[in-house]
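**Student:** My structure is below; once you've seen it, I'll send some questions.
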Amino acid sequence: MQNRVLLVEDDEELRQLLARYLGNQGFEVREAGNGLDGLALAKDLDCDIVVLDIMLPDISGLEVLRQLRAETHLPVVLLTARGDETDRIVGFEVGADDYIPKPCNPRELVARLQALLRRVAWDQQAEVDASRTYGDLRVEPAQRRIFQNDAPLDLTATEYEVLQVLLAHAGSVVRKTDLMQWALGRRLAAHDRTLDMHISNLRRKLGGDDPARIETVRGLGYSYRVPA
């Protein structure tokens, strides 16, 4: 079955280029040229993933993402201006799963989408009874949810992946290179702060009063400490 992608981009030439490339790579593509149309299609269509430009003519892509996150955990990849780190940070805080700077390489976009979709599909195949508990956290792979004191954490698809990898190796150091590959499906590149941003969001969502829960091990990676 084809993966269904919603492409929200106001630059018609770029949108058509990406849509054509995605279609040639086996994706079923739906398009929107502004934020309101993209938001309506994302809510109405049974799509698997969204590619969302931040700079849109009516409402911003970040506002589209905010409204989507109020209703769905649908994976979202942002298209951001190259070098604009502020947009990327805010995007992750709002709930983006990944980003690609513009002008983007269509081949890289496809690789990012396929990696994210593989991670989602892998966890959806998990057994219903394969829940695991780590202190006050409970992982329910079949639901792709993590609960803290029986309350569901509001995690993006990528935040879920990062946290469940750290939990699976609780008490041990997970190297950044390994965490990037296992959770995001790609190699760690120089100056790529994507993983750091996801960790920052997870610390905030897990409760900022316990910053040592996810410990930074300088020069190596991160370690999850199960609270006593």
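What follows draws every value from the coordinates through simple rules; no lab data is involved. Keep in mind that what you see is a predicted model, and the values were worked out from it rather than measured. We place every Cβ from the backbone using ideal geometry, glycine too, and count neighbours over all the protein chains shown.
**Student:** Can you tell me which condition Leu153 does not meet? The list is (1) buried (at least 18 other Cβ atoms within 10 Å of the Cβ); (2) in contact with a Phe, Trp or Tyr (Cβ under 8 Å, 6 or more places away or on another chain); (3) within 25 Å of Arg66 (Cα to Cα), and all the others hold.
**Tutor:** With respect to (1) buried (at least 18 other Cβ atoms within 10 Å of the Cβ); (2) in contact with a Phe, Trp or Tyr (Cβ under 8 Å, 6 or more places away or on another chain); (3) within 25 Å of Arg66 (Cα to Cα), Leu153 is out only on (1).
**Student:** While we're here: Under 8 Å by Cβ, and 6 or more places apart or on different chains, what pairs join a residue from region 39-64 that is more than 23 Å from Pro103 (Cα to Cα) with one that is charged (D, E, K, R) and in a strand (DSSP E or B)?
**Tutor:** Filtered contacts from region 39-64: Leu41/Arg30; Leu45/Arg4; Leu45/Arg30; Asp46/Arg4; Cys47/Arg4; Cys47/Arg30; Asp48/Arg4.
**Student:** Could you tell me how many of the residues in region 75-86 are surrounded by fewer than 21 Cβ atoms within 10 Å (Cβ to Cβ) and not polar (S, T, N, Q)?
**Tutor:** First, the residues of region 75-86 that are surrounded by fewer than 21 Cβ atoms within 10 Å (Cβ to Cβ): 81-86.
Next, from what is left, pick out any that are not polar (S, T, N, Q): 81-85.
Here the count works out to 5.
**Student:** Test His198 against the criterion of being in a loop (DSSP other than H, G, I, E, B) and closer than 25 Å to Tyr99 by Cα, and give yes or no. Full working, then the answer.
**Tutor:** Working: in a loop (DSSP other than H, G, I, E, B): no; closer than 25 Å to Tyr99 by Cα: yes.
So His198 fails the test.
**Student:** Still on this structure: Taking into account only those residues within region 11-30 that are without any contact (Cβ under 8 Å) to a residue 24 or more places away in the chain and surrounded by 17 or more Cβ atoms within 10 Å (Cβ to Cβ), which is farthest from Gly61 (Cα to Cα)? Break it down stepwise before answering.
**Tutor:** Our first condition is that a residue be without any contact (Cβ under 8 Å) to a residue 24 or more places away in the chain; within region 11-30, this holds for 12-13, 15-16, 19-20, 23-24.
Next, only the ones that are surrounded by 17 or more Cβ atoms within 10 Å (Cβ to Cβ) stay: 15, 19.
Details: Arg15: 15, Ala19: 18 Å.
Per the stated criteria, the residue is Ala19.
**Student:** Working only within region 18-51, note down all residues that are of a type outside the set (A, V, I, L, M, F, W, C), more than 23 Å from Glu108 (Cβ to Cβ) and either outside any helix (DSSP H, G or I) or touching a helix residue (DSSP H, G or I) at 6+ places or on another chain (Cβ under 6 Å) (or both).
**Tutor:** Asn34, Gly35, Asp46
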